[in-house]
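Visitor: Please find one structure pasted underneath; my questions will follow.
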């Protein structure tokens, strides 16, 4: 049966509103890695006394050189973990300013203003020490393993798509206008999958696959190994017009949290792509090739499912879903929010 579990945050995170802007989650032994989309930090929580708490925060700028500096938000939209590494990816999206005034001239001006924030255009990989324990910690260097980033003009993922026949036309559009918007990451070995909230192409969602590796001349930078003629591979999934809001590995399968590509409240579904992590060819998957696990509830102007993680082991495996803009009923007196935990059908 579905139930809820509390994620409890410290005063600084509540002040930064991380707890109400959760965008990513990944399990790690007894703990969780979580991130909000309004900071450039990743948080670690430990399960204790029936809730997740004992928060520790890690600023990405302490490990790698962020393009716009350590204090500018990175719009982190996905967290991955595999093989002793922790990954974080920014949205790589442009942003159109919100209308904040009833004044028509001001509204028109804001709607015409598109902003590019360089810290959004990052992919970060951090070595972990103590993985699977309560005090797991990312470090800048662990022996020959180094923290590294894929970012900068001509090197970030968006720039690499400039000639892509499917995605290039959408690079000038803000994410909420069906432009490029990365919102999920899943890692297996040297393979990194990135789910796109947008663009959605005539009902088909897009998933990128890349093979990042340490740059031989610059150990704190990443570069992409070639996949055919390009440094990436595209997969197309018929999700009925929905985009990808998060990704999570499960065995050889890939679980997808799907939802609207634009500023809409729903629908939201959990979908399984069987064998995704062992297949090694570009895929075009129809609706019949994908399995809908569940339809998730969502609110009107609130309760937007944004992050997905498998927690527990064996018969105790469950799926955790975290929410952006949580409804008032998800807030707890201790300064936390409730995540949903649901059964995981295999």
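Visitor: Please indicate, with yes or no, whether at least one residue in the stretch 96-109 is at pLDDT 95 or above and surrounded by 15 or more Cβ atoms within 10 Å (Cβ to Cβ).
Guide: Within the stretch 96-109, none of the residues are at pLDDT 95 or above and surrounded by 15 or more Cβ atoms within 10 Å (Cβ to Cβ).
Visitor: Please go through (1) under 19 Å from the mean Cα position of the chain (by Cα); (2) within 18 Å of residue 200 (Cα to Cα) for residue 290 and return the number of the only condition it doesn't satisfy.
Guide: Status for residue 290: all satisfied but (1).
Visitor: Name the single residue, out of those in the stretch 45-67 being assigned to a loop (DSSP other than H, G, I, E, B) and at pLDDT 95 or above, that is nearest to residue 9 (Cα to Cα).
Guide: Filtering first and then ranking leaves 63.
Visitor: If you scan the stretch 264-288, which residues turn out to be outside any strand (DSSP E or B), touching a residue at least 40 places away in the same chain (Cβ under 8 Å) and over 14 Å from residue 241 (Cα atoms)?
Guide: If the condition is that a residue be outside any strand (DSSP E or B), touching a residue at least 40 places away in the same chain (Cβ under 8 Å) and over 14 Å from residue 241 (Cα atoms), then 276, 277, 282, 283 are the ones that fit.
Visitor: With respect to residue 7, is the statement that it is modelled with pLDDT of 95 or more and over 14 Å from the mean Cα position of the chain (by Cα) true?
Guide: So residue 7 passes the test.
Visitor: Right, another one. Could you tell me whether any residue of the stretch 196-206 is in a loop (DSSP other than H, G, I, E, B), surrounded by fewer than 18 Cβ atoms within 10 Å (Cβ to Cβ) and either in contact with a strand residue (DSSP E or B) (Cβ under 8 Å, 6 or more places away or on another chain) or modelled with pLDDT under 95 (or both)?
Guide: There is at least one residue in the stretch 196-206 that is in a loop (DSSP other than H, G, I, E, B), surrounded by fewer than 18 Cβ atoms within 10 Å (Cβ to Cβ) and either in contact with a strand residue (DSSP E or B) (Cβ under 8 Å, 6 or more places away or on another chain) or modelled with pLDDT under 95 (or both).
Visitor: Restricting the search to the stretch 132-147, which residues are more than 24 Å from residue 211 (Cα to Cα) and surrounded by 18 or more Cβ atoms within 10 Å (Cβ to Cβ)?
Guide: Within the stretch 132-147, just 136 meets the criteria.
Visitor: Of the residues that sit in the stretch 132-150 and are on the phi < 0 side of the Ramachandran plot and either in a loop (DSSP other than H, G, I, E, B) or at pLDDT below 95 (or both), which one is farthest from the chain's Cα centre (by Cα)?
Guide: By that ranking, first place goes to 144.
Visitor: So how many residues does the stretch 99-115 have that are in a loop (DSSP other than H, G, I, E, B), touching a residue at least 12 places away in the same chain (Cβ under 8 Å) and either touching a helix residue (DSSP H, G or I) at 6+ places or on another chain (Cβ under 7 Å) or within 30 Å of residue 187 (Cβ to Cβ) (or both)?
Guide: 1
Visitor: Would you check which residues across the stretch 176-195 are outside any strand (DSSP E or B) and under 14 Å from the mean Cα position of the chain (by Cα) and list them?
Guide: Listed by number, the list holds a single entry, 180.
Visitor: Return the residue satisfying two criteria in turn: it lies in the stretch 159-175 and is in a helix (DSSP H, G or I) and in contact with a strand residue (DSSP E or B) (Cβ under 9 Å, 6 or more places away or on another chain), and of such residues it is surrounded by the fewest Cβ atoms within 10 Å (Cβ to Cβ).
Guide: So, considering only residues that are in a helix (DSSP H, G or I) and in contact with a strand residue (DSSP E or B) (Cβ under 9 Å, 6 or more places away or on another chain), the one surrounded by the fewest Cβ atoms within 10 Å (Cβ to Cβ) is 160.
Visitor: On to the next question. Out of all the residues in the stretch 241-263, is one or more in a strand (DSSP E or B), touching a helix residue (DSSP H, G or I) at 6+ places or on another chain (Cβ under 9 Å) and either buried (at least 21 other Cβ atoms within 10 Å of the Cβ) or at positive phi (or both)?
Guide: no
Visitor: Among the listed residues 35, 88, 24, 74, identify the single one that is touching a helix residue (DSSP H, G or I) at 6+ places or on another chain (Cβ under 6 Å) and either in contact (Cβ under 8 Å) with a residue 24 or more places away in the chain or surrounded by 16 or more Cβ atoms within 10 Å (Cβ to Cβ) (or both).
Guide: 74 is the lone residue from the list that is touching a helix residue (DSSP H, G or I) at 6+ places or on another chain (Cβ under 6 Å) and either in contact (Cβ under 8 Å) with a residue 24 or more places away in the chain or surrounded by 16 or more Cβ atoms within 10 Å (Cβ to Cβ) (or both).
Visitor: Among the residues of the stretch 207-230, write down those that are surrounded by 18 or more Cβ atoms within 10 Å (Cβ to Cβ) and over 24 Å from residue 61 (Cα atoms).
Guide: Once the filter is applied, which keeps residues that are surrounded by 18 or more Cβ atoms within 10 Å (Cβ to Cβ) and over 24 Å from residue 61 (Cα atoms), the stretch 207-230 yields 207, 208, 209.
Visitor: A further question follows. Can you tell me which residue in the stretch 219-229 is farthest from residue 201 (Cα to Cα), limited to those that are out of contact with any helix residue (DSSP H, G or I) (no Cβ under 8 Å at 6 or more places or on another chain) and touching a residue at least 60 places away in the same chain (Cβ under 8 Å)?
Guide: Residue satisfying both the conditions and the ranking: 219.
Visitor: Next question. Inside the stretch 116-131, can you point out the residues that are within 21 Å of the chain's Cα centre (by Cα) and either surrounded by fewer than 20 Cβ atoms within 10 Å (Cβ to Cβ) or assigned to a strand (DSSP E or B) (or both)?
Guide: 116, 117, 118, 123, 124, 125, 126, 127, 128, 131
The values are calculated or read from the model by the stated rules, or taken from the named source; none is laboratory data. Small disclaimer: the values here were computed from a predicted structure and weren't measured. Cβ atoms come from the backbone with ideal geometry, glycine included; neighbour counts cover every protein chain shown.
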